[in-house]
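Here's the structure, in structure tokens; my notes come after.
The values are calculated or read from the model by the stated rules, or taken from the named source; none is laboratory data. The model shown is predicted, which means the values in this text are computed figures rather than measured ones. Cβ placement follows ideal geometry from the backbone for every residue including glycine, while neighbour counts extend to all protein chains displayed.
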Amino acid sequence: MSNVFKEIGLSEKLAMPTALVCEKMEKLQAAIQLMLDAKKNVDRADQELRIATARKEGSGHGTRGGSVGAPQVRDKRSASVATEGDGGGDTKRHKKD
């Protein structure tokens, strides 16, 4: 909420906290909170719409856990993994003479 006050150029601290000013400040804070809640709901609905559209199109973008299609299988092994017949042998470093 403090970001909203900064954005509109108002201080959160009241200079003259009279009963009327305090009442208006409370109304303003309530209105700002209502606006922030509405924005949060709109953002949530927008994200759900993007996810539903992506699933309908089959692209899988915007979903949790990666793509919707079949899992990818890696064909290559890491270079650090030795395999049979790769000339493995001794892998220790030797001192140069």
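List the number of the failed condition for residue 72; all other conditions in (1) at pLDDT below 95; (2) part of a helix (DSSP H, G or I) hold.
Of (1) at pLDDT below 95; (2) part of a helix (DSSP H, G or I), only one is false for residue 72: (2).
Within region 1-37, can you find the residues that are among the charged types (D, E, K, R) and either touching a strand residue (DSSP E or B) at 6+ places or on another chain (Cβ under 7 Å) or in a helix (DSSP H, G or I) (or both)?
Across region 1-37, the qualifying residues are 6, 7, 23, 24, 26, 27, 37.
Tell me which residues, restricted to region 3-16, are of a type outside the set (D, E, K, R) and surrounded by 10 or more Cβ atoms within 10 Å (Cβ to Cβ).
The answer is 4, 5, 10, 14.
Just wondering, is there one or more residues in region 56-65 that are surrounded by fewer than 10 Cβ atoms within 10 Å (Cβ to Cβ) and either at pLDDT below 65 or in contact with a helix residue (DSSP H, G or I) (Cβ under 8 Å, 6 or more places away or on another chain) (or both)?
yes
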